[in-house]
There are 2 protein chains.
Amino acid sequence: MVSEKIRRMMDSSSFIRKMFETGAKLKREFGEENVYDFSLGNPAMDPPENFTKVLLEKAADQHMHRYMPNAGYPDVRNKVAEYISSEQQTIVNSDSVIMTSGAGGALNTVLKTIINPGDKIIASIPCFMEYKFYCDNHGGELDLVNGLSDFNLDINAIEAAITEKTAAVIINSPNNPSGRIYPKETIESLASMLTKKSKETGRTIYLISDEPYRKIVYDKVIVPSVMDAYKNSIVCTSYSKDLSIPGERIGWLAVNPEAEDFNNLINGIILCNRILGYVNAPALMQRIIAELQGVSVNIELYRKKRDLLAKKLAEFGYKFRIPEGTFYFFVEAPGGDDMKLVDLLKDEKILVVPGRGFSLPGFFRIAYCVDDSVIEGSMAGFKRTAEKLGLKQDKK
Amino acid sequence: MVSEKIRRMMDSSSFIRKMFETGAKLKREFGEENVYDFSLGNPAMDPPENFTKVLLEKAADQHMHRYMPNAGYPDVRNKVAEYISSEQQTIVNSDSVIMTSGAGGALNTVLKTIINPGDKIIASIPCFMEYKFYCDNHGGELDLVNGLSDFNLDINAIEAAITEKTAAVIINSPNNPSGRIYPKETIESLASMLTKKSKETGRTIYLISDEPYRKIVYDKVIVPSVMDAYKNSIVCTSYSKDLSIPGERIGWLAVNPEAEDFNNLINGIILCNRILGYVNAPALMQRIIAELQGVSVNIELYRKKRDLLAKKLAEFGYKFRIPEGTFYFFVEAPGGDDMKLVDLLKDEKILVVPGRGFSLPGFFRIAYCVDDSVIEGSMAGFKRTAEKLGLKQDKK
């Protein structure tokens, strides 16, 4: 009744479901406030005040809920294009921009447009594992390659994986789950390598840059532009994280104006956005984000959460890299067994995601887009777990 | 660069694109108000006042834009389930309901869940041709069968088309483009035939009922319940047409609580809604429609438009069936050549869609969800075209 493939997917995703079910059970048993849930990238922060202000203004206008061109309102695409031009240091006009139902909608639409049956899409470990489904949806296959130990891209590993079946490389910087921002030199090496390999294989290899965390960065780090580095690049993003509105499903994709076969690519993407059933990005949200280009929640609050967690986790003896962006810590599971660590933390009513959920066992992810009270409440549990595991506490 | 399949689709859909381009050109040339555009099902009517009222209320609440369970807010699913129970004359609880990004999102999610590679999905001509893409998206194939001359379903034709590859039958009542509502007896015959054939083929054949026009009906006709008639039924719909908000992408699907393998089916659909990149239906719109169950735009206004058009078109000598629902007329192309008729009307700056856009050449579709001024302005052109074609005018 359910297709065989979906049945298999349901079976194989059962460990994640089990985790969520256990979490829900803990909350029912001990009360929501006594469970420290760091499992989801669902920002607890409210959207910026300006969001609500613009929403109230736009909400009063009855004439804005009809279909518009599938690519989005022309004036919205224009405003977004202006903003992208500064963000990507490349002149982008509205023809390059397609409004989408979040980054999930953007990625699916792009992948459907470019994948021929059996094509491969390369991504670097650790990564957001929904990419696997997104590729499979359209007859492609995600091809995972190892990253470096500091979570940077391993350009040689990516190069070695490329064949004539490779349609694209997806990168995600700042990275979920590692918080890593790939440096400018890395993006440049990736770009020259892709240019070289595209020639060798006789096939344009696209660089798809999934950038929903671009504005959630610390210490004045700048996320390098993929458009500036590589002409066959496509940026996908959403306002979910930076405006704290993931439920509203609003984002965009932008094709580099220098991309080969630009017109076919854009028209193909618009067609796919329609025929996948998205039709167009939600109308009212398009109107709202048009007025909020460059706006985000107060990132300083995330920085405080990061620094608080970093200080304490280090004190307790956990090993990790300080994330340069996103609201995730990717922490080594002491002893290397991520599932065991997740279970130990669960005993402390702390919910985190094992590294294998990102194809990198031996780590666990803490999503710190939570209220400070959750962070504070969890500290004793993180400490006891560290003690149980005999971690060496930092006394300084 | 663009996949071969998408490239083929772009080529084959070029006649529709050409039509729209011609329309846009006409509007630029003669001014929007001098072109009578009946080509799109994009309601000109504003949403009901209550919609704006509820939107303004909900917009003030900052805490409502986060992710919720992929199936939708539990309380929204509850309210929708209550409403469906009365509409479908079947007790449906919230477990059966999944909030979706419109009917397009609902149909794609269901089809992805049930289609094995090479499966067929039967639909009756004339029909909304996006179904073809929706089936193909997930490795299936739309299997079109002829309807009866009064646009009712031909149960024998559907039965003859069923093989062990048939995963589902999609019906759309009230029908786009014909405006036909399939009578209760037809739905009952379809249900018994599907029960019989499911036994014969050893495979559950789902009945997917696409019902976005259910509330846009005239003369107190009631759209029969598929859930009451057939246990393996799934209803897909949206608020696009009845609330005039197609740009907002909000709808739902409901699985018959009596459906075989119900739990797997629902969980599979929730998984597919997530992995197709929809993630969840837009949050704010979920909150709004929860308060607007049973509400619709003033259907009486559509009835007036229908009656005005019916009177005039009949006078001019056009042949058609009075639509019982929807805001479409499906009119015989005099002489049988729909493309020729479309061209003749274009000369009068009237835009309509040829029947071949719904797999039934020889007809053309008029979408009358337009301002009265468009209908009135077009009358002279419809008349002149009738005269050119030598149609016999009704003098009464």
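The values are calculated or read from the model by the stated rules, or taken from the named source; none is laboratory data. Quick caveat, the model's predicted, so the values are computed rather than measured. When we count neighbours, we look across all protein chains shown, and the Cβ atoms used for this are built from the backbone with ideal geometry, even at glycine. Surface areas here come from the heavy atoms of the whole protein model, side chains and all, with no ligands, DNA or RNA. Shrake-Rupley method; radii C 1.70, N 1.55, O 1.52, S 1.80 Å.
If the elastic network links every pair of Cα atoms under 10 Å, which of B:Asp37, B:Asp95, B:Asp347 fluctuates the most in the Gaussian network model of chain B?
Between B:Asp37, B:Asp95, B:Asp347, it is B:Asp347 that shows the largest mean-square fluctuation.
Of B:Phe320, B:Gly390, B:Leu308, which is farthest along the charge dipole of the range B:254-396 in the positive direction, counting Lys and Arg as +1 and Asp and Glu as -1 at C-beta?
B:Gly390
State the extension gain, in nm to one decimal, for the chain segment bounded by A:Leu301 and A:Gln62, taking 0.36 nm per residue of separation less the distance between their alpha-carbons.
Extending this stretch completely gives an extra 82.4 nm.
Using alpha-carbon pairs under 8 Å, 6+ residues apart, how would you state the relative contact order of chain A in percent?
Dividing the mean separation by the residue count of chain A yields 23 percent.
Per residue of the range B:289-301, what does 6.51 cos²θ - 1.76 cosθ + 1.60 with θ = phi - 60° give for ³J(HN,Hα)? Whole Hz please, x for Gly and Pro, Karplus curve as stated.
5, 4, 8, 10, 5, x, 7, 8, 4, 6, 5, 4, 5
Need one value for A:112-122: mean number of C-beta atoms belonging to other chains within 10 Å of its residues' C-beta atoms.
Going residue by residue through A:112-122 and averaging, the value is 3.
How large are Rg and Dmax for the range B:93-204 when calculated on the C-alpha trace, in angstrom?
Both quantities, over Cα of the range B:93-204: 14.0, 39 Å.
Local charge sum around B:Gly317 (other residues, Cβ-Cβ under 10 Å, Lys/Arg +1, Asp/Glu -1)?
Around B:Gly317, the charge tally is 0.
Report the residue, chosen from A:Arg303, A:Arg203, A:Arg356, that carries the largest GNM mean-square fluctuation when chain A is represented by alpha-carbon nodes joined by springs under 10 Å.
Highest fluctuation among the options: A:Arg203.
Order B:Lys199, A:Lys53, B:Lys5, most accessible first, counting only protein heavy atoms with a 1.4 angstrom probe. Write out the running numbers ahead of the final one.
Details: B:Lys199 160, A:Lys53 115, B:Lys5 80 Å².
The residues order as B:Lys199, A:Lys53, B:Lys5, largest area first.
Please provide three numbers in whole Å: the alpha-carbon extents of the range B:334-396 along the principal axes, with the largest listed first.
Each principal axis gives a Cα extent; for the range B:334-396 these are 31, 28, 23 Å.
Please state the relative contact order of the range A:197-269 as a whole percent: Cα pairs under 8 Å, 6+ residues apart?
Taking the mean separation of contacting Cα pairs over the length of the range A:197-269, I get 27 percent.
Calculate I(q)/I(0) for the range B:271-347 by the Debye formula, one identical point scatterer on each C-alpha and no solvent, and give its log10 at q = 0.11 Å⁻¹ to two decimals.
-0.58
Taking the radius of gyration and the Kirkwood hydrodynamic radius from Cα positions alone, what is the Rg/Rh ratio for the range A:200-245, to two decimal places?
My calculation of the ratio gives 1.09.
Please list the equivalent ellipsoid semi-axes of the protein assembly as shown, computed as the square roots of five times the alpha-carbon gyration tensor eigenvalues, in descending order and whole angstrom.
The equivalent ellipsoid of the protein assembly as shown has semi-axes of 47, 29, 25 Å.
Reported to two decimal places, what Rg/Rh ratio describes the range B:245-311 when computed on Cα atoms with Rh from the Kirkwood expression?
We get a ratio of 1.15 for the range B:245-311.
For B:Leu56, place a label point 7 Å from Cα along the Cα-to-Cβ direction in every copy; what are the distances to the other copies, in nm, shortest first?
When each copy's label point is compared with this one, the spacings are 1.1 nm.
Please report, to one decimal in angstroms, the Kirkwood hydrodynamic radius of the range B:211-273 built from all distinct Cα-Cα pairs.
This gives a value of 13.3 Å.
Per the Kirkwood definition applied to all pairs of different Cα atoms, how many angstroms is the hydrodynamic radius of the range A:1-62?
Taking the inverse mean of 1/r over all distinct Cα pairs, the range A:1-62 comes out at 15.7 Å.
Counting only other residues whose beta carbon sits under 12 Å from that of A:Leu194, what net charge do I get with K and R as +1, D and E as -1?
Local charge sum for A:Leu194: +2.
Taking the Cα atoms of chain B, report the difference between the largest and smallest coordinate on each principal axis, in whole Å and largest first.
Per principal axis, max minus min of the Cα coordinates gives 60, 55, 52 Å.
Run the dipole for the range B:1-148 about the Cα centre, Lys and Arg Cβ at +1, Asp and Glu Cβ at -1, nothing else charged, and hand back the magnitude in debye, nearest 20. It would help to have the intermediate numbers written out before the result.
Details: 16 positive and 20 negative charges, 92 e Å.
Magnitude of the dipole: close to 440 debye.
What is the log10 of I(q)/I(0) for the range A:12-156, computed with the Debye formula using one identical point scatterer on each Cα and no solvent, at q = 0.19 Å⁻¹?
Results for the range A:12-156 at q = 0.19 Å⁻¹ read -1.26.
From the alpha carbon gyration tensor of the range B:35-117, can you work out the equivalent ellipsoid semi-axes (sqrt of 5 times each eigenvalue) and give them in Å, largest to smallest?
Working from the Cα gyration tensor, I get semi-axes of 25, 23, 16 Å.
Amide H neighbours of A:Tyr206 under 5 Å, counting only residues 5+ apart in sequence or on other chains, H built in-plane at 1.01 Å?
When sequence neighbours closer than 5 places are left aside, the close amide H contacts are A:Ala168, A:Val169.
Which one of A:Ser12, A:Asn34, A:Thr22 is farthest out on the positive end of the charge dipole of the range A:7-70, using unit charges on Cβ (Lys, Arg +1; Asp, Glu -1) and the Cα centre as origin?
Of the options given, the answer is A:Ser12.
For a quick protection proxy, order the peptides B:69-77, A:215-223 by their average other-Cβ count within 10 Å, most packed first.
Result, highest mean first: B:69-77, A:215-223.
Nearest 10 degrees is fine. How inclined is helix B:184-201 to the longest principal axis of chain B, computing both from alpha carbons?
50
What's the magnitude of the charge dipole for the protein assembly as shown around its Cα centre, counting Lys and Arg as +1 and Asp and Glu as -1 at the beta-carbon? Answer in Debye, nearest 20. Let's see the in-between values first.
Numbers: 100 positive and 104 negative charges, 72 e Å.
It comes to approximately 340 debye.
Based on Cα coordinates alone, diagonalise the gyration tensor for the range B:57-98, multiply each eigenvalue by 5, take square roots, and list the semi-axes in whole Å, largest first.
24, 12, 5
Could you pull the copy-to-copy label distances for A:Lys199, with points set 7 Å along Cα to Cβ, in nm to one decimal and sorted shortest first?
Sorted ascending, the copy-to-copy spacings read 6.9 nm.
Given the DSSP H assignment, sum -39500 (n - 2.57) over each helix run of at least 4 residues in chain B and divide by its residue total; what's the result at 222 nm in deg cm²/dmol, nearest 500? Before the final figure, lay out the partial values.
Details: 14 runs with 168 residues, N = 396.
Helix-only estimate at 222 nm: -13000 deg cm²/dmol.
Can you tell me the dipole magnitude for the range B:83-204 around its Cα centre, using point charges on the Cβ only (Lys, Arg +1; Asp, Glu -1), in Debye to the nearest 20?
Roughly 140 debye, rounded to the nearest 20.
What angle do you read, to the nearest 10 degrees and between 0 and 90, between the alpha-carbon axis of helix B:49-59 and the longest principal axis of chain B?
Helix B:49-59 sits roughly 40 degrees off the main axis of chain B.
In nm to one decimal, list the spacings between the B:Phe30 label point and its equivalents in the other copies, with label points set 7 Å along Cα to Cβ, shortest first.
Copy-to-copy label distances at B:Phe30, shortest first: 7.2 nm.
Extent of the range B:152-281 along each principal axis, from alpha carbon coordinates, in Å, largest to smallest?
The Cα atoms of the range B:152-281 stretch 42, 41, 23 Å along their principal axes.
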